[in-house]
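The values are calculated or read from the model by the stated rules, or taken from the named source; none is laboratory data. Fair warning: this is a prediction, and the values are worked out from it, not measured in the lab. Positions of Cβ are backbone-derived with ideal geometry, glycine not excepted, and every protein chain shown enters the neighbour counts.
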Amino acid sequence: MRTDPNAHTLLELAAATLRRDVLPHLPPEGRYAALMVSNALAMAERELRGLDDSGRAMLLALVPLCGADADPSLTGEELATRVDALQHRLCIEIATGAFDGDGQDLLMDALEAIVRARLSIANPRAVPAS
Amino acid sequence: MPDANPSVPPTRALLTDENRCRLEGWLAEQAGASRATVTDDGWLGSGGFRPNLGVTLTLADGPMAGRHACVLRAETADRISASIGKRREFAALRAAHGAGVLVPEPLFLCDDPAILGPDFFLMRRIAGVGAGFAVVKGDAPMPDLARELGRQLGRLHRITAANPDLEVLAPPPDCPAQEVIRQCRDWIGDAAQRDPVLVWGLRWLHVHAPLPGAVVLCHRDFRTGNYLVQDGVLTAILDWECAGFSDPMEDVAWFCARSWRFRRSHREAGGIADRADFYAGYEETSGRRVDPQRVAYWETAAYVRWAAMAIQHGRLHSAGGEPSLELALTGRMLPDIEMDLLRHLRSAAARAVAPAERIG
């Protein structure tokens, strides 16, 4: 089923209206809550639009460490399940000391790529320059 | 005796006509006055968390006769595991005040659920700006403020478990590093099954844990945002709800962590000045040198602990308590904290400082 405007357009419009038409007229004690609402709307919109891209970036980061194939066709719930499974496997390896000696550079690169992918939704401004 | 009396939801009015009468009667008795009146001056601070209610206490007679601007701090339902409860917080505040640390004077503690319900205490209200972004706003660094904060922290760190007022706190841990790792694992819970960044942070802490050294009373949330400044001068150190015994370098590192620089990343001491300013003040009063290697260890611990606290905030929101957008958004700060953790670990690796003594 197709709806127009779709959910992420509605969220974008809601956030823009809040910033443009509501925030400037609020008393100081209401600004903090309004900024939080604006932040939450923007984050929800990014998640709707970019969750699969973020998931695929995490998958690509995990593949060199976990020896698995990155299937670019995965989307939605299947993609999320695959990423969770690989992250779980990596957690076990880290916790049992697999990276106490060698491989820390590779691990750090992968972890940074994972966090970059998550930051692209949670707070894109905090993604460090490459 | 239970650990704490029932808490109040953070958005509900704390004072009602009914409980105000009980509060006034109780305060009159505590202050040795024939009559006490309390006026509600509203919630303090701009945040969504509401632990601080401004009140004016007027005592008709007795040794404290007169009007007193106060803060009433009551236990709230959004308490996370790092929070020690109002009775212990009051004890830590009193010990700090007794040691000459610049804190609001603690006045009265109540753990009788018949008065307001939750545990609460009153302390004096101090003027000043507290919000982190407002404190670091100026373009000029504030080395004098950083030095003074260092001095205050040094004074606090002269307090040990020998202080009898602190018997209510958890006993000092044999190994503060292992204790923090245990706490963080506990708070992170199931998330450690699927978050390799946090698991790496915990593993790093385990492998690099330093041998125990001095264990002192620590604030454990000593940072920009938790002190008040007026005209560039420190007026009070606030928010003692995480206080406990630990390695003194934990507080030094927490203050300098990127999380509390409020986008003034280049000013490594709390977004206000250089580390050297803060360290110099600390060494003036603490009786010990700042150990940069230990500080680097505890800065890793700071990111992992802050991440664990953010997870708890997010969990409080999803656990079906009071709906709170602020708690929900704090839970979504995890990637920001983890990026700071990775950045710090990379710089620690680049310095390639091999610890002289380690456990684990």
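Exactly one condition in (1) assigned by TED's automatic domain parsing to the domain that holds B:D221; (2) at pLDDT 95 or above is false for B:W187; which is it? Every listed condition holds for B:W187 apart from (2). Checking the stated criteria, B:F278 turns out to be away from chain A (no Cβ under 14 Å), in contact (Cβ under 8 Å) with a residue 12 or more places away in the chain and under 27 Å from B:R151 (Cα atoms). Looking only at residues in segment B:182-210 that are of a type outside the set (A, V, I, L, M, F, W, C) and more than 12 Å from chain A (Cβ to nearest Cβ), the one that is nearest to B:L334 (Cα to Cα) is B:G189. When A:S73, A:S120, A:S130 are checked against the criterion of being at the interface with another protein chain (Cβ under 10 Å from one of its Cβ atoms) and small (G, A, S), A:S120 stands alone in meeting it.
Six or more apart or on different chains, Cβ atoms under 9 Å: show the pairs whose first residue is in segment A:76-99 and exposed (fewer than 15 other Cβ atoms within 10 Å of the Cβ) and whose second is β-branched (V, I, T). Listed pairs, sorted by first residue: A:I92/B:V199; A:G97/B:V207. Do you know which of the residues in segment B:190-206 that are modelled with pLDDT of 95 or more and of a type in the set (A, V, I, L, M, F, W, C) is surrounded by the most Cβ atoms within 10 Å (Cβ to Cβ)? Among them, the one singled out is B:V197.
Pairing each residue of segment B:217-232 that is assigned by TED's automatic domain parsing to the domain that holds B:L156 and crowded, with 24+ Cβ neighbours inside 10 Å with any residue that is of a type in the set (V, I, T) and not in a loop (DSSP other than H, G, I, E, B), provided the two are 6+ apart or on different chains, yields C-beta distances under 9 Å for B:H219/B:I237; B:F222/B:I237; B:F222/B:V252; B:T224/B:V135; B:Y227/B:V135; B:Y227/B:T235; B:Y227/B:I237. Can you find, within segment B:80-125, the residue that is farthest from the chain's Cα centre (by Cα) among those that are part of a strand (DSSP E or B) and buried (at least 21 other Cβ atoms within 10 Å of the Cβ)? In this case the residue turns out to be B:C110. Restricting segment A:13-51 to residues that are acidic (D, E) and modelled with pLDDT of 90 or more leaves a set whose member that is surrounded by the most Cβ atoms within 10 Å (Cβ to Cβ) is A:E45.
Hey, could you check segment B:322-337 for residues that are at pLDDT 85 or above and part of a loop (DSSP other than H, G, I, E, B) and say which is nearest to the other protein chains (Cβ to nearest Cβ)? The qualifying residue nearest to the other protein chains (Cβ to nearest Cβ) is B:R332. Can A:L65 be described as within 13 Å of another protein chain (Cβ to nearest Cβ) and either surrounded by 14 or more Cβ atoms within 10 Å (Cβ to Cβ) or small (G, A, S) (or both)? Yes; evaluated as a whole, the condition is true for this residue. Number of residues in segment B:151-188 that are in contact with a strand residue (DSSP E or B) (Cβ under 8 Å, 6 or more places away or on another chain) and not aliphatic (A, V, I, L, M) equals 10.
For segment B:286-297, the count of residues that are at pLDDT 90 or above, buried (at least 17 other Cβ atoms within 10 Å of the Cβ), more than 12 Å from every other protein chain (Cβ to nearest Cβ) and in contact with a His (Cβ under 7 Å, 6 or more places away or on another chain) is nonzero. If you go through segment B:254-269, how many residues are charged (D, E, K, R) and in contact with an Asp or Glu (Cβ under 6 Å, 6 or more places away or on another chain)? So the answer is 1.
Against the condition within 30 Å of B:F245 (Cβ to Cβ) and touching a helix residue (DSSP H, G or I) at 6+ places or on another chain (Cβ under 8 Å), how does B:E89 come out, does it pass? Here the answer is no, as B:E89 does not meet what is asked.
Of the residues making up segment A:85-111, those that are charged (D, E, K, R), part of a helix (DSSP H, G or I), facing chain B (nearest Cβ under 9 Å) and more than 11 Å from B:P196 (Cβ to Cβ) number 1.
Every residue, every condition in (1) touching a helix residue (DSSP H, G or I) at 6+ places or on another chain (Cβ under 8 Å); (2) at pLDDT below 95; (3) assigned to a helix (DSSP H, G or I), yes or no:
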{"residue": "A:D53", "(1), (2), (3)": "yes, yes, yes"}
{"residue": "A:L60", "(1), (2), (3)": "yes, yes, yes"}
{"residue": "A:P64", "(1), (2), (3)": "yes, yes, yes"}
{"residue": "A:A68", "(1), (2), (3)": "yes, yes, no"}
{"residue": "A:P72", "(1), (2), (3)": "yes, yes, no"}
{"residue": "A:E78", "(1), (2), (3)": "no, yes, yes"}
{"residue": "A:T81", "(1), (2), (3)": "no, yes, yes"}
{"residue": "A:A113", "(1), (2), (3)": "yes, no, yes"}
{"residue": "A:P128", "(1), (2), (3)": "yes, yes, no"}
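Here B:D119 meets each of (1) under 30 Å from A:L86 (Cβ atoms); (2) outside the structural domain of B:Q230 (by TED's automatic domain parsing) with one exception, condition (1). Regarding segment B:146-164, can at least one residue be identified that is under 15 Å from the mean Cα position of the chain (by Cα), surrounded by fewer than 22 Cβ atoms within 10 Å (Cβ to Cβ) and in contact (Cβ under 8 Å) with a residue 60 or more places away in the chain? No, because not a single residue in segment B:146-164 is under 15 Å from the mean Cα position of the chain (by Cα), surrounded by fewer than 22 Cβ atoms within 10 Å (Cβ to Cβ) and in contact (Cβ under 8 Å) with a residue 60 or more places away in the chain.
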